[in-house]
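Chemist: Here it is, the structure in full.
The values are calculated or read from the model by the stated rules, or taken from the named source; none is laboratory data. Given the structure is predicted, the values throughout are model-derived calculations rather than measurements. Note: ideal-geometry Cβ built from the backbone for every residue, glycine included; neighbour counts use all protein chains shown.
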């Protein structure tokens, strides 16, 4: 049965369904083959370089690679782009960030694939919010808004005993919004850091 699924048919059907990232279940469903046949097919095409493995059980075609931000969401979920990569994306920090940084409610992880580093840092479930849907190349992905990325980054810096972010564009951040996000972490020191770094007026009702 595997032999009947040649490269042309294989690629045509998957790309026709716009599966930019696919897994063994997708193959079984699309071609009606067994788990054993699916495993053999993917192994063969991976060995030929016809497909690339992002991680065990997740594949892409090298000629139609999706954006890194889309890959990041799919590589480890639930997750959304945040921290330094999101801050750079929103123009909050001046540096170009090459590591695709995300937060998750699962265990902290890191993957190296497609010549890139995709890192995921764990945060509290109560603070897993503040992200929005954006698009690149017509594909949707989740990314923290500027204020949430700023708070997430400072929270993890605090946990690692690092200094708060010092070089950033204050004009692009809403202090009230950032403070609301900071309170989700239930950490008084983080709240204090957000107030001081954004020069929040502590006399306001907070």
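Chemist: Taking residue 97, is it free of Cβ contacts under 8 Å to residues at least 60 places away in the same chain, more than 12 Å from the chain's Cα centre (by Cα) and either loosely packed, with under 13 Cβ neighbours inside 10 Å or not in a helix (DSSP H, G or I) (or both)?
Modeler: yes
Chemist: Out of the stretch 164-181, which residues are part of a helix (DSSP H, G or I) and under 14 Å from residue 83 (Cα atoms)?
Modeler: 178, 181
Chemist: For the stretch 25-54, give me the residue count where each residue is more than 28 Å from the chain's Cα centre (by Cα), surrounded by fewer than 18 Cβ atoms within 10 Å (Cβ to Cβ) and closer than 18 Å to residue 8 by Cα.
Modeler: Of the residues in the stretch 25-54, 4 are more than 28 Å from the chain's Cα centre (by Cα), surrounded by fewer than 18 Cβ atoms within 10 Å (Cβ to Cβ) and closer than 18 Å to residue 8 by Cα.
Chemist: Still on this structure: Identify all residues within the stretch 75-94 that are outside any helix (DSSP H, G or I) and closer than 23 Å to residue 57 by Cβ; write none if there are none.
Modeler: 76, 77, 78, 79, 80, 81
Chemist: In the stretch 55-79, what count of residues is obtained for those that are closer than 18 Å to residue 136 by Cβ, out of contact with any helix residue (DSSP H, G or I) (no Cβ under 7 Å at 6 or more places or on another chain) and surrounded by 13 or more Cβ atoms within 10 Å (Cβ to Cβ)?
Modeler: Of the residues in that region, 13 qualify.
Chemist: Only one of 135, 116, 170, 122 is touching a residue at least 40 places away in the same chain (Cβ under 8 Å), surrounded by fewer than 18 Cβ atoms within 10 Å (Cβ to Cβ) and not assigned by TED's automatic domain parsing to the domain that holds residue 54; which?
Modeler: One residue alone meets the criteria, 116.
Chemist: In addition: Pull out all pairs, ordered by first then second residue, where Cβ-Cβ is under 6 Å, the residues are six or more apart or on different chains, the first lies in the stretch 180-200 and is within 15 Å of residue 162 (Cα to Cα), and the second is part of a helix (DSSP H, G or I).
Modeler: 190/155; 190/158; 190/182; 193/154; 194/178; 194/179; 194/182
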